[in-house]
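Q: My questions all concern the structure below.
Nothing in this text is a laboratory measurement; each read-out follows from the coordinates by a stated rule. Please read these numbers as outputs of a predicted model, since none were measured by experiment. Methodologically, a virtual Cβ is constructed for each residue, glycine included, from the backbone with ideal geometry; neighbour enumeration extends over all protein chains shown.
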Amino acid sequence: MHADRIFTNARLATMGPCTGSIDIVNNGMVATKAGRIIYAGPARVMTADEITDCGGRLVTPGLIDCHTHLAYAGHRAAEFEARLNGATYEEISRAGGGIAATVSATRAASPTALLVASKQRLQALINEGVTTVEIKSGYGLDEANEIKLLNVIRQLGAISKVDIAPTFLGAHSLPPEFKHDRQAFIHLLTETLIPKIASLKLADAVDGFCEAIAFTPDEIAEVFIAARAHGLLVKLHADQLSNLHGAALAARFNALSADHLEYTDTNGVAAMAHSGTVAVLLPGAFYTLRETQLPPIAALRAHGVRMAVATDLNPGTSPLTSLLMAMNMAATQFRLTVDECLLGVTRHAAAALGRQDVGVLAPGHKCHLAIWNVETPAELVYQIGFSPLHKRIWSAA
Ligand code: NIG
Ligand code: FE
């Protein structure tokens with residue numbers, strides 16, 4: 001077998017094939033052809049056009065941040081200060097701040113300004129070995145501004161090498177102009193925006209925020225029915241601040257993922273296990289809101305629900321531009337193991353996006369690699385505020 005390129009002398013964390021294991025191969029090798037992996041495993045004799053010696057470094061798949069809201073304008077530092085003075089996220093939201101404040105700033109911003117601001121945040125993730133990023137809309141909340149945001153998200157993919165998974169988050173917050181007519185806004189989402197966004201292929205999936213300060217389970221169900229009818233995948237911000245049985249709702253629609261889950265009960269976990277819905281844990285939001293209710297990690301483990309870890313990068317509840325830090329927080333706050341953290345930003349994050357060709361070092365997968373200046377996987381999780389990335393390799397496929 002002749003390869004375009006081989007990476008030798010690597011300590012591989014392949015993230016497969018065994019479920020639940022990161023599968024370390026000492027003295028491993030990765031071979032690629034046309035940007036795809038053709039071999040990953042113990043060193044073997046092979047010819048190649050180009051040989052890269054990894055110097056014994058740890059090599060993982062490029063990392064995947066499967067939940068971000070990184071396309072927005074402005075910031076909410078004043079709300080952060082208000083919370084330091086005792087205000088809660090819900091109080092700020094009900095007083096017209098919160099998501100609504102970022103919606104005003106984002107509506108007022110030009111596509112170029114949005115692109116420039118978002119690109120900086122994306123670059124921070126890339127600097128830490130991230131090669132696939134999910135980005136949600138949801139700060140436009142009308143036709144022109146949601147499409148403006150989704151086009152900016154598409155452009156971010158065109159100007160960087162990152163694989164972008166775009167998500168339409170129309171059901172994020174009720175915009176002020178619909179304050180007195182919730183049903184009209186749901187109608188706008190289901191009859192106009194979802195069909196249009198599906199036909200323009202501006203999003204892979206539809207997300208919603210199921211919460212007392214956002215949308216009811218019945219409203220989310222209407223949105224999901226429309227999404228599915230137009231061939232879009234679904235996922236949900238579920239049970240973050242209270243238990244509205246969002247995880248079970250997401251599972252009922254075979255959602256790719258249910259995210260946050262602090263207040264999810266055992267029935268919700270069992271439903272997710274049944275549907276294969278991935279649990280996306282967002283320790284940055286837990287930390288920022290000083291939440292004390294932990295997601296049901298033991299039940300997720302017991303039911304075999306795959307857990308992913310993401311930044312939730314957004315201006316309100318998680319102004320966190322570091323997936324390595326999210327892993328550290330998941331370990332320290334949620335007691336995830338090192339292997340769970342690493343699977344959470346690779347193999348399980350890929351599953352949360354419905355992507356079958358990233359997140360694992362195996363034949364057929366894109367050759368997105370992160371080569372780290374560390375010897376053991378634990379070093380990636382334990383360091384705080386330091387990126388030991390040596391090099392990233394982008395697949396040409
Ligand atoms: O994931 N929960 C809803 N959406 C975001 C918060 C967005 C914001 O506050 O701007 C989240 O926490
Ligand atoms: Fe979020």
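Q: Binning at 5 angstrom from zero up to the longest distance, how are the C-alpha pair distances of the stretch 1-80 distributed in percent?
A: 3, 14, 20, 18, 13, 7, 6, 6, 7, 5, 2, 1
Q: Just round it to a whole percent: the fraction of Cα-Cα distances in the stretch 63-352 exceeding 29 Å.
A: 26 percent
Q: Here is a follow-up. Run down the lysines and flag those whose C-alpha is under 21 Å from the C-alpha of Lys391, throwing out any fewer than 8 positions away in its chain.
A: Hits, sequence-local ones excluded: Lys33, Lys119, Lys161, Lys366.
Q: Per residue and in cubic angstrom, what volume does the convex hull of the Cα atoms of the stretch 320-370 have?
A: Taking only Cα atoms, the stretch 320-370 has a hull volume of 86 Å³ per residue.
Q: Determine by what factor the alpha-carbon radius of gyration of the stretch 237-334 differs from 2.2 N^0.38 Å, reporting the quotient.
A: Taking the Cα Rg and dividing by 2.2 N^0.38 Å, one obtains 0.99.
Q: Suppose the Debye formula is applied to equal point scatterers at every Cα of the stretch 299-397; what is log10 I(q)/I(0) at q = 0.18, 0.20 Å⁻¹?
A: Those come out to -0.96, -1.16, one per q.
Q: Which whole-number percent is the relative contact order of the stretch 63-352 (Cα, under 8 Å, 6+ apart)?
A: Taking the mean separation of contacting Cα pairs over the length of the stretch 63-352, I get 18 percent.
Q: Ratio of Rg to Rh for the stretch 173-332, alpha carbon only, Kirkwood?
A: 0.97
Q: Can you tell me what share of the DSSP beta bridges in the chain is antiparallel? A percent to the nearest 5 is fine.
A: 40 percent
Q: Pop out the ³J(HN,Hα) list for the stretch 160-170 in order, Karplus 6.51 cos²θ - 1.76 cosθ + 1.60 with θ = phi - 60°, rounded to Hz; leave Gly and Pro as x.
A: Taking θ as phi minus 60°, the curve returns 10, 8, 5, 7, 9, 10, x, 10, 8, 10, x Hz for the stretch 160-170.
Q: Let me ask something additional. Using 0.36 nm per residue of separation minus the Cα-Cα distance, give me the extension gain between Ala397 and Glu379 in nm, one decimal.
A: 3.5 nm
Q: Still on this structure, please answer the following. What is the Cα coordinate range of the stretch 65-114 on the first, second and third principal axes, sorted by size from largest, in whole angstrom?
A: 36, 27, 16
Q: Expressed as a whole percent, how much of the Cα-Cα distance distribution for the stretch 179-271 exceeds 16 Å?
A: The answer is 51 percent, as a whole percent.
Q: Between Phe386 and Ala229, what is the label-to-label distance in nm when each label sits 7 Å out along the Cα-to-Cβ direction?
A: For Phe386 paired with Ala229, the spin-label model returns 5.5 nm.
Q: Now for a different question. Residue farthest toward the positive end of the dipole of the chain, with Cβ of Lys/Arg at +1 and Asp/Glu at -1: which of Leu188, Ala34, Pro166?
A: My answer, from the dipole projection, is Ala34.
Q: Output the Kirkwood hydrodynamic radius of the stretch 123-219, Cα pairs only, in Å rounded to one decimal.
A: Mean inverse Cα-Cα distance, inverted, gives 14.2 Å.
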